[in-house]
1. Name the residues in the stretch 304-328 that are assigned to a helix (DSSP H, G or I) and under 20 Å from ILE266 (Cβ atoms), would you?
2. Here is a list of conditions, (1) open to solvent by 80 Å² or more (accessible area, probe 1.4 Å); (2) out of contact with any strand residue (DSSP E or B) (no Cβ under 8 Å at 6 or more places or on another chain), and GLU84 meets all of them except one; can you say which number that is?
3. Within the stretch 366-400, can you find the residues that are open to solvent by 50 Å² or more (accessible area, probe 1.4 Å) and modelled with pLDDT under 80?
4. Residues that are open to solvent by less than 30 Å² (accessible area, probe 1.4 Å), under 30 Å from PRO240 (Cβ atoms) and of a type in the set (A, V, I, L, M, F, W, C): which strands (runs of 3 or more DSSP E) entirely in the stretch 131-197 hold 1 or more of them?
5. Could you go through the stretch 339-357 and let me know if any residue there is open to solvent by 60 Å² or more (accessible area, probe 1.4 Å), farther than 13 Å from TYR416 by Cβ, in a helix (DSSP H, G or I) and modelled with pLDDT under 75.
6. Is the stretch 91-99 home to any residue that is in contact (Cβ under 8 Å) with a residue 12 or more places away in the chain, in a loop (DSSP other than H, G, I, E, B) and out of contact with any Ser or Thr (no Cβ under 9 Å at 6 or more places or on another chain)?
7. Inside the stretch 284-305, can you point out the residues that are surrounded by fewer than 17 Cβ atoms within 10 Å (Cβ to Cβ) and either more than 26 Å from the chain's Cα centre (by Cα) or under 22 Å from GLU421 (Cα atoms) (or both)?
Amino acid sequence: MDRTQRQRKSHEIALAVRAPLQAIARPHGGNVKIVEVPPGPPVMAPLVAEIYGIDYQGQITAARALRETFEQTPDIVDVDDSVEHPGPKILLRVDRANAARLGVSQQSVALATVLKGEDITYLHGEKVRYPVPIRLEYAEADKADLNQVLALRVRSQNGNLVPLVEVVEQVNGSREQTIHHKDLMPVVYVTGDMAGETDSPLYGLFEISARLPAPWQEIGTPPTAAGAAPRLEQWFLSQPENPYEFSMKWDCEWQVTYDTFRDMGIAYSVGLLLIYLLVVAQFKSYLVPLVIMAPIPLTVIGILPGHAILGAQFTATSMIGMIALAGIIVRNSILLVDFINQQVREGVALRQAVVRSAVVRSAAVRAKPIALTALAAMAGAFFILDDPIFSGLAVSLIFGLFVSTLLTLVVIPVVYFAAMEKRIDFIRANG
């Protein structure tokens, strides 16, 4: 059903149906997951814990203990791990003594034709380019019935038909489990998702992380001690340094979020540095650019309360909005500072020029283009306010521009006056 024809969002529908479906599957040993389209890069799951260690069985034991912690944490859903369910395996070995006594050679005890099949001939057709193989093998139902397989008869050297059950022995075991690797290291994954009032997986990660150290440190060391889970050291930003010790690395959305905001922070810092250098080249001063860039932190006063008012999460697109606001706010500051400098060059006292910029002339000369620029950017942001990905960008632009523009008209003249009063008086006094 299209979203315009329903009142609930897809995320709300997923929250509503998850618990009833899991209640149906749990008595039968099943695990039902409600998979939603991820809002960001494709990941294995929103919450992923990677368990490393030298002993794979110890990793499995630790994964099961960690999975219990996942399941006991509120609002953590769709918990799973990469450990395969142990499957029985029956190995049939030739009983050489019985085979020799009954006159059956080991080569005749071959189950490949029965279980895997064998091409016995080919079918050639006039309209067929390649011959079609004719395969002879047991039906799937007969393969699954061990008694049916063992009832198969093979011919002995004296011509008698001997059932396989008399010349083979059964060895019960279990199938080998698939070992996952990452960066050439064996790893076991524990996955989960966050569903609740705060559906960001980072809250669930920190909640689980706070629950882990105390009980696991009490467990002790080796996984061989009565199947106890090994003590794990948590890693958040990089892979474990020592692969020969049991450790855990948080990955997926946490790693993507960290990398994104780290790169955004670097880009933000580089942008501020470039703005500073450009303003230095414009005003031939190292102090004036600092005054002009002073309103940039004022954008936070509007951005963070704006996200709180609308109940929006601070995302990577919100950070992009902060970077864009830095350039817009600096432009507004340059207009005011340039107006003040123009008044001072005309012989007006600095205090009077600042008052004119902030109160008298700015409303008619400078405030109008500043306000129109802010309103145009805010109006454009309204069209993406309901977008699930770019809503953070819209909130940053709307609230950041609104608050910072109002404060800039007052803060810039005051800060410029405080920074330049003594300097301009000294320049005038010394000609």
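The values are calculated or read from the model by the stated rules, or taken from the named source; none is laboratory data. In this text the structure is predicted, and so the values were computed from the model without any measurement. Every residue, glycine as well, gets a Cβ built from its backbone with ideal geometry; the counts of neighbours run over all protein chains shown. SASA here: full protein model, heavy atoms, side chains in, ligands and nucleic acids out. Shrake-Rupley method; radii C 1.70, N 1.55, O 1.52, S 1.80 Å.
1. ALA316, THR317, SER318, MET319, ILE320, GLY321, MET322, ILE323, ALA324, LEU325, ALA326, GLY327
2. (1)
3. LYS368, LEU372, ASP386, ASP387, PRO388, ILE389
4. Numbers: elements: 132-136, 153-155, 161-163, 168-174, 180-182, 185-194.
In the stretch 131-197, the matching strands (runs of 3 or more DSSP E) lie at 185-194.
5. Among the residues of the stretch 339-357, at least one is open to solvent by 60 Å² or more (accessible area, probe 1.4 Å), farther than 13 Å from TYR416 by Cβ, in a helix (DSSP H, G or I) and modelled with pLDDT under 75, which makes the answer yes.
6. Narrowing the stretch 91-99 to residues in contact (Cβ under 8 Å) with a residue 12 or more places away in the chain: 91-95, 98-99.
Subsequent filtering for residues that are in a loop (DSSP other than H, G, I, E, B) retains 95.
Add one more test, that the residue is out of contact with any Ser or Thr (no Cβ under 9 Å at 6 or more places or on another chain), and what stays is 95.
Among the residues of the stretch 91-99, at least one is in contact (Cβ under 8 Å) with a residue 12 or more places away in the chain, in a loop (DSSP other than H, G, I, E, B) and out of contact with any Ser or Thr (no Cβ under 9 Å at 6 or more places or on another chain), which makes the answer yes.
7. Taking the stretch 284-305 and keeping what is surrounded by fewer than 17 Cβ atoms within 10 Å (Cβ to Cβ), we get 284-287, 290, 297, 300-301, 304-305.
Residues satisfying the conditions are LYS284, SER285, TYR286, LEU287, LEU290, PRO297, ILE301.
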